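To start, the structure itself, in structure tokens.
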Amino acid sequence: MNETTNQPLTAEDVKELLRSMYGGENKRITDGSYDKSLAVKCKNGTFVGRKTDNIIIYRGIPFVGRQPVGELRWKAPVDVVPDDGVYEAYYNANSAFGNPEFETGSLYDLSEDCLYLNIWKSYDASAGKKPVMVWIHGGAFESGGTVDPMFDCCNLVKENPDVVIVTIAYRLGPFGFLHLSHLPDGKDYTDSQNLGLLDQLMALKWVHENIAGFGGDPDNVTIWGESAGAGSCTMLPLIKGSHQYFRRVIAQSGSVNQTRSPEDGIECANELMDALGCKTVADLLKVEGEKILEASSVLFTRQFPERDGKYLPADPFKAYEDGVAKDIAFLVGCNKDEMNFFVSSFGPEGWDAWAAVRKARLFAKISDEEKTLVEGFCNDVKGESFEPVSRLFSQVWFIVPVIKLSECQAKAGGKVYTYYFTPESPDPIMKCGHAIELSTVFNHPEMSADTGREFDKTFSKTMRKMWVQFAKTGNPSLGTDIAPDGKVHEWPLYDPENKKVMVLDEFDIHTEKETERKIIDWDRTYFLTKYYMV
């Protein structure tokens with residue numbers, strides 16, 4: 001909340017907050033005048049943080065040896081090299097270029113020089129290694145950044161000093177997910193379609209090699225994300241060699257369905273090339289980043305990682321069912337009214353236009369029999385005019401894929417804990433929409449504009465404790481000794497027979513069978529996961 005007006009933060013409030021918290025440029029320290037207790041020696045330099053309320057924060061640490069600019073645009077991230085220099089880690093770095101269609105993009109300083117991370121740790125003398133939680137932000141793979149004040153982790157670490165938290169950046173949109181190998185001179189760009197994921201993997205490699213200096217345990221890392229960040233967290237285990245960098249996954253409202261086929265990747269690339277008047281990669285390399293970003297608006301909410309057969313398999317769900325990640329524990333879930341966030345964000349006219357196009361794209365791919373099933377589902381939805389398609393895409397994009405991933409992981413013998421988040425905003429459109437839980441899990445009640453109110457404090461603290469307990473132990477269950485509400489919360493593993501989920505109700509956290517709650521429509525929407533993010 002704005003302390004002066006006692007109202008939710010406005011865009012101007014957020015801009016001012018960003019300027020006050022992050023306004024500056026990290027420099028090399030050459031005169032030795034720095035607090036040695038706040039300095040950590042890493043492979044690529046010694047980084048000096050700042051202490052605030054007994055929390056040490058390190059901002060803007062590069063996790064690559066060279067930033068992806070110039071000739072390195074659309075190239076795989078370059079690993080760090082040894083460096084004996086001492087550097088400030090006081091300020092957030094630039095954010096990756098994000099789609100201008102997202103309003104929040106105007107809040108950030110955007111650049112192709114963007115591969116940096118931030119770290120929060122408690123200032124204590126604990127000798128033990130602490131579990132590490134690595135946050136991957138969302139934004140449809142084309143917006144967002146670690147600079148978002150929502151992802152400032154001071155409050156979270158202050159409440160849970162027994163974990164170290166890292167937030168990482170990655171390339172977005174046409175810079176992180178652009179198919180180029182089909183172009184006449186594209187043979188040297190066989191990674192371009194999944195660069196954002198490779199950036200994330202490089203950041204995790206840096207964490208693995210350096211986090212011990214910050215008091216973290218490199219062998220107890222949980223990757224954690226929401227929306228596109230959650231999708232990323234479920235895709236990373238599919239990449240060969242990734243499992244050495246993390247043991248657990250927390251995925252909020254995102255899954256492996258947030259991918260596209262090589263054919264769709266080529267279609268999107270060609271649309272962007274036409275918009276820019278380019279024919280080759282050489283042409284694209286001459287175009288300023290801002291112009292590429294502006295032109296990418298033709299691909300709005302269609303820029304996803306690619307099931308290329310090189311990094312991601314053609315059928316990610318089957319890969320999970322075959323046991324590709326059975327050694328990794330998962331905590332996954334979704335919100336009751338996911339798509340209502342987009343209705344609220346786009347406005348009625350914007351939503352109607354967007355929804356008509358996306359429904360047409362879906363119907364162009366499915367069979368007549370499947371159309372009948374989908375129409376039957378929509379016809380049974382009661383409520384406002386936007387509700388039928390909103391409910392449909394809540395199922396297709398977010399809710400069903402979470403349950404399907406739970407099914408596949410469980411069938412393979414892997415551990416997966418599944419939740420269903422239900423608290424609502426008083427806003428009759430937003431309800432329990434996408435991302436509404438973020439202010440709760442990051443302990444930022446002052447940033448509850450999307451919720452319209454602060455959720456119950458004890459409920460919120462209990463939910464955070466579950467997340468941290470999972471990161472620490474691989475099991476989010478709470479006993480009376482650590483549960484903020486003083487109750488036992490035994491969270492059962494999801495299994496295909498009982499299908500039990502944890503219902504995160506604001507005043508009644510409890511387990512329930514999915515079939516009793518009817519979270520998904522097994523007959524009329526479950527099959528739609530095979531079409532991914534149309």
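The values are calculated or read from the model by the stated rules, or taken from the named source; none is laboratory data. If you're wondering where the values come from, they're calculated on a predicted model, not measured in any experiment. Ideal geometry is used to build each Cβ from the backbone, glycine not excepted, and the neighbour counts take in all protein chains shown. The accessibility values were calculated without ligands, DNA or RNA, using every heavy atom of the protein model including side chains. Shrake-Rupley method; radii C 1.70, N 1.55, O 1.52, S 1.80 Å.
Taken over region 164-207, the residue count meeting the criterion of being under 17 Å from Ala93 (Cβ atoms), assigned to a helix (DSSP H, G or I) and not acidic (Asp, Glu) is 8.
Taken together, Val157, Val207, Val147 contain a single residue that is at pLDDT 95 or above, over 24 Å from Gly241 (Cα atoms), surrounded by 19 or more Cβ atoms within 10 Å (Cβ to Cβ) and among the β-branched types (Val, Ile, Thr), which is Val157. Restricting Ser255, Ser232 to residues that are buried (at least 18 other Cβ atoms within 10 Å of the Cβ), assigned to a helix (DSSP H, G or I) and of a type in the set (Ser, Thr, Tyr) narrows the list to Ser232. Residue check: is His243 free of Cβ contacts under 8 Å to residues at least 40 places away in the same chain, surrounded by fewer than 24 Cβ atoms within 10 Å (Cβ to Cβ) and in a helix (DSSP H, G or I)? Taking the combined requirement at face value, the residue does not satisfy it.
Of the helices (runs of 4 or more DSSP H) lying entirely inside region 330-429, those containing at least 3 residues that are over 30 Å from Lys472 (Cβ atoms) are 340-363, 368-379, 387-393. Report yes if some residue within region 445-463 is within 20 Å of the chain's Cα centre (by Cα), surrounded by 19 or more Cβ atoms within 10 Å (Cβ to Cβ), within 30 Å of Glu321 (Cβ to Cβ) and not β-branched (Val, Ile, Thr); otherwise report no. Checked against the condition, which is being within 20 Å of the chain's Cα centre (by Cα), surrounded by 19 or more Cβ atoms within 10 Å (Cβ to Cβ), within 30 Å of Glu321 (Cβ to Cβ) and not β-branched (Val, Ile, Thr), region 445-463 yields at least one hit.
When residues in region 466-503 are screened for being touching a residue at least 24 places away in the same chain (Cβ under 8 Å), out of contact with any Pro (no Cβ under 6 Å at 6 or more places or on another chain) and not in a loop (DSSP other than H, G, I, E, B), 6 of them pass.
Out of Pro423, Pro445, report the one residue that is of a type outside the set (Lys, Arg) and over 27 Å from Thr515 (Cβ atoms). First the steps, then the outcome.
On the way: Pro423 fails: over 27 Å from Thr515 (Cβ atoms).
Of the residues listed, the single one that is of a type outside the set (Lys, Arg) and over 27 Å from Thr515 (Cβ atoms) is Pro445.
For region 65-90, how many residues meet the condition of being buried (at least 21 other Cβ atoms within 10 Å of the Cβ) and within 15 Å of Asn26 (Cβ to Cβ)? The total comes to 2. The numbered conditions (1) in contact (Cβ under 8 Å) with a residue 60 or more places away in the chain; (2) crowded, with 24+ Cβ neighbours inside 10 Å; (3) under 25 Å from Met466 (Cα atoms) are all true for Phe214 except (2).
Here is a list: Pro496, Pro492, Pro476, Pro484. Which entry is within 23 Å of Ile165 (Cβ to Cβ), open to solvent by 30 Å² or more (accessible area, probe 1.4 Å) and not acidic (Asp, Glu)? First the steps, then the outcome.
Working: Pro496 fails: within 23 Å of Ile165 (Cβ to Cβ); Pro492 fails: within 23 Å of Ile165 (Cβ to Cβ); Pro476 fails: open to solvent by 30 Å² or more (accessible area, probe 1.4 Å).
Every option except Pro484 fails the conditions.
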